[in-house]
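Worksheet for the structure shown next.
The values are calculated or read from the model by the stated rules, or taken from the named source; none is laboratory data. The model shown is predicted, which means the values in this text are computed figures rather than measured ones. Using ideal geometry, Cβ is built from the backbone for each residue, glycine included, and neighbour counts are taken over all protein chains shown.
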Amino acid sequence: MIEVARLYRRFGAHVAVDDVSFRIDKGEVVGFLGPNGAGKTTTMRVLTGFLPATSADVLRVAGYDVLRESLEVRRHIGYLPESVPLYHELRVSEMMRFQGRLHGIPRAELKRRIPEVLERVGVLDRERQLVGKLSRGLRQRVGLAVALLPDPDVLILDEPTSGLDPLQRVEVRELIRSFAAEHTVLMSSHILAEVESVCPRVIVIAEGRIVADGSQADLVREFGGEGYVRFEAVVGPDVAAAVRLLEGLPGVTRVDERGRVGIHHSFEIRGAGDLREDVGAVAMTKGWAVRELSLAVPTLDEMFARLVLGGDGAAAPASATGVPPATAASPVAQGLELATGAAQPGAAPPPGTPGKKIIYSLNPFDQGASRDLGQPMDVGGPAPPEDEDR
Amino acid sequence: MSGALTIYRRELASLFLSPLAWILLLVALFVNGIFFIAFISNSQGNVTTSLALMLGGAYTFWAFLVFFPPLLTMRLLSEEARSGTLEYLLTAPVGDAAVVVGKFLAATSFMAILWASVLVYALAVDWLGVAPDWGSVLGGYLGAVLASGLFISIGMLASSLTATPLVAAFLAFIACLLWLILPSLGELLLIQVRSLLVHWAGGVEAAEEWIRAGLDKMNVLSHFQASFLPGVFDTGEVVFFLSWTALFVFLTTRVLEARRWRI
């Protein structure tokens, strides 16, 4: 339905769209994701024929060449620009009739179709109202109705939910999802939640270039990286030792110190699987007062930030640089051991949890006692640690 | 063609939905009424002369022509550019020319309605028993509409150049004024320059002739007064107005097209 190959668009020296190629098949719903100024609107304007491309090998929409068969393309698309351009002095029904006439829809069909479309977007009761008197959300719906009226093959929606309150946003998203069955939809957004909830396929664009294109799950897997454990606790003055200790845990590949707030230090611990229990156990035995222990799963959001900011902005090593993991001073040598028991079926552990865990205490008064993590335990000692909220 | 017609209908409807149209009509009717009374009493009750004065003979007519078209055309394109509806129109399945022609015809139609306010007085006088020379009056009316069309097309060109309606109105006003006084301005300049040139260069007369002829081709006032005012229907004069109008409409279309390449 939409075919773009090697599309460039320059504005003077500024390259707004830089070698963009993609292909959208019939019936797909594709989200165009990128920060403001990434080139989303420009690409859409080129697709609708409002702006010509500086150069493009292929530029076809609904089977027609955008440059040579511009009128045919315009006949087959429904385009809703971000500003939702409608004539404010007209009534909703008049605006719809105007659109119908522009598209050469016969009068009889128009009479049948206008209420149908207005009903669909839920503004049938506003038919007699002036467009200028409608609220932003209703106007957005009318804009969608105008775009839908000629029953276009391709719907191009530029930021269809910008400027709406959260409730309206959900409603408009719901609407767009309902279009998916009959139309090919290309919508742009800089809001991830929106694209996440509406579009199965996402094209991420940054600085005029496509940086990722694929289904959401694929993109997260490919670019999101692994999750990490966020850990915030009072670890005492020797932060480096704490970092070393955490790094010594089996499965941990990297520990980043993320600064301190008051007496609490926060860390990001990366490694295979869900390391919360292991970290919690260390905290318990060391008597660290824990404030937060959570697993941060990568979202489209983080993937997006990483892609758009260029590289791994979120995971830049902080204080952990230079501390080699598991050296001679590894926690194992200090008496900490972490063993993994057999995986228990039926217990349904969260994915990545290696099953039952046994921790060997570091407390000298425990005399090397070990215990199953599943069992509750009193922790004595000079500084009674808080109970963890696992 | 049907696209232009659709645009035309929408534009005319929108015009009458705005207070501006009604204010302009009111002003025209009121001012024309006052001047009609003044002209009648000055011409010892000669109805046809008075009507001819109102349709191009007096300066009030040209004042209307310089002030009203810019007010109409400022909204045609620059307001649409500002509010974003231009993007809607230019991605609708109608050509740029259809958009421009539709809008042009709508504004010109409005001016035709506005000049009909003079016909109201003609009808009133006719009803009272003094029949004006209808041929002369209608000829003048046709000329007024044609001249309005020319000034509308100039205003539209100004409107297509900027996205600020106020700037568009001002630009159009200046352009219309210049267009009107260009021949006399040129004449004035010519006299000044000649006194300097005559000392150095020969063949000044030929160049002068040439410039005069050029200026004459742009002289709205003389063309209007030569043809429509005496009630002569001269196709040559109609072509004069139509061709300038067509040129400005064409230029507006090109500017609109060029806008896509620049934005």
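Is the range B:167-182 home to any residue that is of a type in the set (Gly, Ala, Ser) and either over 15 Å from B:Phe68 (Cα atoms) or at pLDDT below 85 (or both)?
no
Looking at A:Leu59, is it closer than 28 Å to B:Ala258 by Cα and more than 7 Å from chain B (Cβ to nearest Cβ)?
So A:Leu59 passes the test.
Looking only at the range A:81-96, count every residue that is facing chain B (nearest Cβ under 9 Å) and either assigned to a helix (DSSP H, G or I) or in contact with an Asp or Glu (Cβ under 7 Å, 6 or more places away or on another chain) (or both) and tell me the total.
4
Quick check on my filter: what residues within the range A:199-219 are within 22 Å of A:Asp274 (Cα to Cα) and buried (at least 21 other Cβ atoms within 10 Å of the Cβ)?
Correct list: A:Leu219 only.
Among (1) under 13 Å from the mean Cα position of the chain (by Cα); (2) within 14 Å of another protein chain (Cβ to nearest Cβ), where does B:Phe173 come up short?
Only one criterion in (1) under 13 Å from the mean Cα position of the chain (by Cα); (2) within 14 Å of another protein chain (Cβ to nearest Cβ) is unmet by B:Phe173, namely (2).
Output the number of residues of the range B:34-61 satisfying the condition of being assigned to a helix (DSSP H, G or I) and either of a type in the set (D, E, K, R) or surrounded by fewer than 16 Cβ atoms within 10 Å (Cβ to Cβ) (or both).
Final tally of qualifying residues: 6.
Here is a list of conditions, (1) within 11 Å of chain B (Cβ to nearest Cβ); (2) under 14 Å from A:Ile2 (Cβ atoms), and A:Arg75 meets all of them except one; can you say which number that is?
The one condition A:Arg75 does not meet is (2).
With respect to the numbered conditions (1) part of a loop (DSSP other than H, G, I, E, B); (2) surrounded by fewer than 23 Cβ atoms within 10 Å (Cβ to Cβ); (3) within 11 Å of another protein chain (Cβ to nearest Cβ), which one is the sole condition not fulfilled by B:Val130?
(3)
Can you spot a residue in the range B:144-158 that is out of contact with any strand residue (DSSP E or B) (no Cβ under 7 Å at 6 or more places or on another chain), crowded, with 19+ Cβ neighbours inside 10 Å and within 30 Å of A:Val66 (Cβ to Cβ)?
Yes, the range B:144-158 contains at least one residue that is out of contact with any strand residue (DSSP E or B) (no Cβ under 7 Å at 6 or more places or on another chain), crowded, with 19+ Cβ neighbours inside 10 Å and within 30 Å of A:Val66 (Cβ to Cβ).
What single numbered condition from (1) facing chain B (nearest Cβ under 8 Å); (2) more than 30 Å from A:Arg6 (Cβ to Cβ) fails to hold for A:Glu127?
It is condition (1) that A:Glu127 fails.
Looking only at strands (runs of 3 or more DSSP E) that fall completely inside the range A:191-280, which ones have 2 or more residues that are modelled with pLDDT under 85 and under 30 Å from A:Ser178 (Cβ atoms)?
A:209-215
Checking the condition in the same structural domain as A:Asp165 (by the TED database), more than 23 Å from A:Pro52 (Cα to Cα) and surrounded by 17 or more Cβ atoms within 10 Å (Cβ to Cβ), which residue from A:Arg107, A:Arg120, A:Arg113, A:Arg128 passes?
So the residue among A:Arg107, A:Arg120, A:Arg113, A:Arg128 that is in the same structural domain as A:Asp165 (by the TED database), more than 23 Å from A:Pro52 (Cα to Cα) and surrounded by 17 or more Cβ atoms within 10 Å (Cβ to Cβ) is A:Arg113.
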